[in-house]
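Below: one structure, written as C-alpha cells.
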Amino acid sequence: MSSPLRLRLTVWYVGAFSVVLVLFSIGVYFFVARIVAERMDANLRVTLQMASSALARSLDQSRPVAEALEDPRFPGQVVALVNADGRVLARKPLSSAVVFRLPALPFRASASPQFYELPESRADADDNCRGIYQLLTTVAGEGTPRFIVVTGSTEAIADQLDALQNVLAIAVVLALLLAGGGGWLLARRSLSPLETMASATERITANSLRERLPVGSSDELGRLASRFNDLLSRLSASFSQQRQFMADASHELRTPLSVVRTAAQVALQKPVRSDAEYREAMAVIEQQAGRLSRIVEDMFALTRADMNELPLDISEVYLDEVIGDTTRAAGVLAQCKSVDLNAEDMQEAPYRGDERLLRQMIFNLLDNAIKFTSEGGTVDVRLQQVDASYEITVTDTGCGIPAELHSQVFERFFRAHKARVDTNGLGGAGLGLAIARTIAELHRGQLILKHSGPEGSTFSILLPSLPSK
C-alpha cells in the first residue's frame, strides 16, 4: 500500500515540473515560429526589392518586363507583375508547381511593402502561402497602377513547426514520466527514515522506554529522531520517577499501617484489658494515623503541584510576621528536643503571596532542622533583603549532609539515614523539603541548600520582593 504522503509529494513534484516544462515548450515553439516567420518575411522583402529595382530599370530602358524577371532567379518564390484588377501581366517562374496566390482585391496603393498570408484553399490543397506586394512606381501619365507581388509557400515552415511540436510533446511526456519515476523514488528514499521511525515507535511501550529511534543522517529527519529520543529519555525518567514515587509511597504508608495493625492485634489478644492498656494502644494508633494523614496530604499537595492545580491565594502579607508566627509555632517542637530556636529581629518585609503556603514552607524547613539537630543544638532563622529578593535562611547545628547527597536532598521520599539521624524515634516521610521547594517555585522563587558540613546545614529561600498593590 503506497504512502499518501509519498503520493502527494510525487504529484506535487510532477505537477510543478510539468507546468514549468509545458510553459518552456510553448515558449520554445512560439520563439522558433517567430524566428522562421521573420526569416521568410526578410527573404520576401529582399526579393521584392530586387524585383522592383529590376522592373524599374527595365521600364526606364523600355525593355520587356519578362526580361527583367529572368535574372536574378528566386528559388521557391514567385515574382509577378499584376495590375489593379489582379490580372497577371508577367510572372516568373511559370511553373504551376510553385504556389502563387494573390490577396483579396483591392490592392492597397501604397509605396510601402504590404504582407499578406493565405491559408489552404482546401483541406488537401497544400497551397498555403505568404506574400508581399508593393506599388510599382511608374512614369507620370502612364496607364493604370501596377503592383509587384512576391509569394512563397509556407508548407515547409508548417511541416517544420509540426515536427517541432511533435518533438516537444514527446519530450514533455518522456520528461514527465522520468520526473514521476524519479520523484517517486526520491520521495520513497527521503521518507524511508520516517517509516523506520514509525516501526520503531510501534515497538515502544511503557515497559520498553529504553528503546530509541535510529538516527541516520544529520538532516531534518535525523534531528527529528534525536529530539524524539530526547523526549523518550524524559518520558523514561518520568516513568522511573513515578514508579519510584509509588514504591516509596507504598513503603512509607506500609510502616504506619503495620504499626496500627500490630497495636490493634496486641490490644485484642486478650478478652479483657485495663483502661491504661487500651489508652496506650489507642495513642499509638492515633499517632500513626496522624502520620498517615500527613503523608497523604503531602502526596496530594505534590500531585496537585505537578498537575498545576495547586491554587495560590495571593494577598498582601508581611514576611517578617509570617516567619515570626511560624517560629513561635515550631518552638514547641524545639522545646521537646531541647533545641534552641532563635529568630533574629527582622525588618518589615511587605510581600504578595499565599500566606498559608508560605507558612507551610517555612515550617517544613524548621521542622526538618529541629528534627535532625541533636539535643542542646541551635536553629537560627534570618530574613534579609538581597538585591531585588528576600532571602530567608534556616541554619542548624546538626551533623550535616555528605557532599555526594546534596543533589538528592530535595527528592521526594529521600532521607539521608546514615548522615542525619532522627533522634525522636519518629521518622518523617521525606516530603517536607520537596514540598517547600515546590511552594518556593510557585512564588517564582527557589529553595537551595546553601551549605552543609559537620558543623551543620543552611537552607536558603529566595523570593522576589514584589511591591505591595
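The values are calculated or read from the model by the stated rules, or taken from the named source; none is laboratory data. Predicted model, so just to flag it, every value in this text is computed and none were measured. FYI the Cβ positions are ideal-geometry reconstructions off the backbone, even for glycines, and counts take in every protein chain you see.
Looking at Phe413, is it closer than 21 Å to Ser457 by Cβ and either in the same structural domain as Leu253 (by TED's automatic domain parsing) or at pLDDT below 80 (or both)? Quick ask: steps written out before the conclusion?
On the way: closer than 21 Å to Ser457 by Cβ: yes; either in the same structural domain as Leu253 (by TED's automatic domain parsing) or at pLDDT below 80 (or both): yes.
Yes; evaluated as a whole, the condition is true for this residue.
Thr205: surrounded by fewer than 16 Cβ atoms within 10 Å (Cβ to Cβ) and assigned by TED's automatic domain parsing to the domain that holds Arg34, yes or no?
No; evaluated as a whole, the condition is false for this residue.
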Name the residues in segment 340-364 that are out of contact with any helix residue (DSSP H, G or I) (no Cβ under 6 Å at 6 or more places or on another chain), assigned to a helix (DSSP H, G or I) and not basic (Lys, Arg), would you? Glu355, Gln360
Residue match in segment 158-180 (condition: in a loop (DSSP other than H, G, I, E, B) and under 30 Å from Leu94 (Cβ atoms)): no
Please enumerate the residues belonging to segment 372-392 that are crowded, with 18+ Cβ neighbours inside 10 Å and either of a type in the set (A, V, I, L, M, F, W, C) or assigned to a strand (DSSP E or B) (or both). Phe372, Val379, Val381, Leu383, Tyr390, Ile392
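Any residue at all in segment 38-46 that's free of Cβ contacts under 8 Å to residues at least 24 places away in the same chain and either aromatic (Phe, Trp, Tyr) or surrounded by 17 or more Cβ atoms within 10 Å (Cβ to Cβ) (or both)?
Step one: filter segment 38-46 for residues free of Cβ contacts under 8 Å to residues at least 24 places away in the same chain, giving 38-39, 42, 46.
Imposing the further condition that a residue be either aromatic (Phe, Trp, Tyr) or surrounded by 17 or more Cβ atoms within 10 Å (Cβ to Cβ) (or both) reduces the set to none.
No: segment 38-46 contains no residue that is free of Cβ contacts under 8 Å to residues at least 24 places away in the same chain and either aromatic (Phe, Trp, Tyr) or surrounded by 17 or more Cβ atoms within 10 Å (Cβ to Cβ) (or both).
Evaluate segment 327-337: report whether one residue or more is of a type in the set (Val, Ile, Thr), in a helix (DSSP H, G or I) and exposed (fewer than 11 other Cβ atoms within 10 Å of the Cβ). Explain how you work it out, then say what you get.
So in segment 327-337, the residues of a type in the set (Val, Ile, Thr) come out as 327, 332.
When the remaining residues are screened for being in a helix (DSSP H, G or I), the result is 327, 332.
Still in the running and exposed (fewer than 11 other Cβ atoms within 10 Å of the Cβ): 332.
Scanning segment 327-337 turns up at least one residue that is of a type in the set (Val, Ile, Thr), in a helix (DSSP H, G or I) and exposed (fewer than 11 other Cβ atoms within 10 Å of the Cβ).
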Which numbered condition Gly15 fails, given (1) on the phi > 0 side of the Ramachandran plot; (2) at pLDDT 85 or above: (1)
